[in-house]
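Report on the structure given below.
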Amino acid sequence: MIFSGLTLSQDAFFSQYFASGIYFNPALAATETSLTLSGITRTQWKGVGTPYQTSMLAVTVPIKDKFEKHNRLGGVTFSLYDDKSGDKTLQTTGLNVTLGYGLPLSEKNLIFFGATGGYYQKTINQDNFQWGSQYNPLIGWDGTTNPGIGMIRDKTNYFDINAGLLAVHDLEKEVGTDRSEIFLGIATYHLNAPDESLIEGNSSKLPLRINANVGALLPLKEHIGISPNVLYVQQGQHKQLNLGVYGTYYFLKVDNKGIAPNNIELGTWYRLDDAFIFNIGIGNDVYHLGFSYDMTTSNLRYSSTGNSAYEVSFKLQKPHKKTERHYTPRF
């Protein structure tokens, strides 16, 4: 008996979504106050052989008012995305340009807009494919036989358009510290429904992906702050809900610009019906390093031999000559 069925997947997504920049929300291109280099890489299911690998590298350049140098208008981000499935049989590479703009609505309320245009190439390596037409009844599969398959392309190219906004309410006057705010963000991806099909004469349009998040930065004591967060993602019929909180402890001067870190960050999230996520990070005003691990709680943990996913992220910023306010959904 032969059974056939339809299998669908969704976009790769980072557990450290707040560190993935414009891949999480294009409006984040407008929140950086200095030249910034950031990157993140995700390794998934290493226990099943060759792991899935997803990485992103980005450079953000702030755009400032030429008459008022300390007034930011927004920013532009150039980013490179790469996703390898298993042993690189299927690989997606993209180059993106994101333009963000910040609009102050009042002394305490700001809204950021962002739009991304990207050019992507998806490739497939057919060298290890085995077709039924290559079966020889005497010796079995014969790799020297031409399979006669011409309908699968080795690569396809497409443009992708994304957009997002981020609203921030500053709580500095209410709580007495400049590390306090409430934020709400929403982003939409694949607005133009790009066709990524690798099969001649076939169409496979990427369904719209929606990211929505709400959270806050709240001080507990002079050197301690917490940030509760909720993330909702939907693409096609796939839905994802993350609930979590991370806290930051500042153990040196906040304006430290040397090599030594001045804060440590610990966080825990739960991705509903899938995994617990644990995060640790250190940094100062110049850099931030983060590491996270997904502990699978679904039945998938048995087939993945207990190995889920881990991520490493970094962020480097050009030091400011004077302190400037950051509006971003993380410390």
Exercise for the section: Report the normalised scattering of region 162-243 as log10 I(q)/I(0) at q = 0.15, 0.24 Å⁻¹, calculated by the Debye formula with identical scatterers on the alpha carbons. Expected result: -0.67, -1.08
Completion exercise
Ranking Glu32, Glu222, Glu172 from most to least accessible area with a 1.4 Å probe gives Glu222, Glu172, Glu32
Exercise for the section: Compute the FRET efficiency between Leu138 and Gln10 as 1/(1 + (r/R0)^6), taking r as their Cβ-Cβ distance and R0 = 51 Å, and round to the nearest 0.05. Expected result: 0.70
Problem - Gyration tensor (alpha-carbon) shape descriptor, region 85-195, a/c threshold 1.5 - result: prolate
Exercise for the section: Rank these by accessible area, largest first, 1.4 Å probe: Asp195, Asp127. Expected result: Asp127, Asp195
Practice task
Report the net charge of residues surrounding Phe159, where surrounding means a beta-carbon distance below 12 angstrom and charges are Lys +1, Arg +1, Asp -1, Glu -1.
Solution key: -3
Fill in the blank from the handout: Taking 0.36 nm per residue of separation between Val245 and Ile282 and subtracting their Cα-Cα distance, the length gained on full extension comes to 11.7 nm
Exercise for the section: For Phe14, Phe159, write out the residues from largest to smallest accessible area, computed with a 1.4 angstrom probe and no ligands counted. Expected result: Phe159, Phe14
Problem - Förster radius 35 Å - calculated FRET efficiency between Leu105 and Ile226 (Cβ-Cβ, nearest 0.05) - result: 0.85
Problem - Gain upon complete extension [Ile182, Thr93; 0.36 nm per residue less C-alpha separation] - result: 28.6 nm
Practice task
Kindly report the accessible area of region 179-302 per residue (heavy atoms of protein chains, probe 1.4 Å, no ligands, DNA or RNA), in Å².
Solution key: 51
Practice task
Mind scanning Lys64/Lys205; Lys46/Lys239; Lys64/Lys315; Lys64/Lys221; Lys64/Lys84; Lys64/Lys239 and naming the pairs with a C-alpha gap bigger than 27 Å?
Solution key: Lys64/Lys205; Lys64/Lys221; Lys64/Lys84; Lys64/Lys239
Fill in the blank from the handout: Summing +1 per Lys or Arg and -1 per Asp or Glu among the other residues with Cβ less than 14 Å from Lys239's Cβ gives -1
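With an 8 Å cut-off on Cα pairs and a minimum separation of 6 or more residues, tell me the relative contact order of region 176-234 in percent. Don't jump to the answer; show the numbers that get you there.
Working: 98 pairs, mean separation 20.5, N = 59.
Once divided by the residue count of region 176-234, the mean separation gives 35 percent.
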Practice task
Run the 1.4 Å probe and let me know the accessible area of Trp45, rounded to the nearest 10 Å².
Solution key: 70
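The values are calculated or read from the model by the stated rules, or taken from the named source; none is laboratory data. Because the structure is a prediction, the values reported are computed rather than measured. We place every Cβ from the backbone using ideal geometry, glycine too, and count neighbours over all the protein chains shown. Heads up: the accessible areas ignore ligands, DNA and RNA and are worked out on the full protein's heavy atoms, side chains in. Shrake-Rupley method; radii C 1.70, N 1.55, O 1.52, S 1.80 Å.
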